[in-house]
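A.B. asks: This is the structure I want to talk about, given as structure tokens.
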Amino acid sequence: MKGAAAMPRYFFHHRIGDRMMWDRVGCELPDLGMVPDPDGAMMLWMEMIEGGLQPDQILIITDEVGKVLFVTAR
């Protein structure tokens with residue numbers, strides 16, 4: 001019997017102004033659609049849509065090798 005395949009690890013880094021907050025732990029998810037905090041993610045998207053995020057707030061999602069997969073920016 002083969003072992004279960006490992007899920008990919010995603011890292012959710014935040015930049016506010018010139019300050020970068022690196023996610024050094026990451027989160028194993030079957031895909032990016034399975035965010036760790038769906039309510040928080042929905043609030044973030046609603047703030048972006050409604051223009052509530054400050055222009056200097058950015059979320060950067062990377063994979064385990066550091067490839068940038070997604071960036072929010074205004």
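The values are calculated or read from the model by the stated rules, or taken from the named source; none is laboratory data. None of these values were measured; they are calculated from a predicted model. Every residue, glycine as well, gets a Cβ built from its backbone with ideal geometry; the counts of neighbours run over all protein chains shown.
A.B. asks: Go over the candidates Met20, Met46 one by one and state the one that is in a strand (DSSP E or B), surrounded by fewer than 12 Cβ atoms within 10 Å (Cβ to Cβ) and either modelled with pLDDT of 85 or more or not polar (S, T, N, Q) (or both).
C.D. replies: Working: Met46 fails: in a strand (DSSP E or B).
Going through Met20, Met46 in turn, the sole match is Met20.
A.B. asks: Got a sec? Which of Pro55, Pro8 is at pLDDT 65 or above and exposed (fewer than 11 other Cβ atoms within 10 Å of the Cβ)?
C.D. replies: On the way: Pro8 fails: exposed (fewer than 11 other Cβ atoms within 10 Å of the Cβ).
Of the residues listed, the single one that is at pLDDT 65 or above and exposed (fewer than 11 other Cβ atoms within 10 Å of the Cβ) is Pro55.
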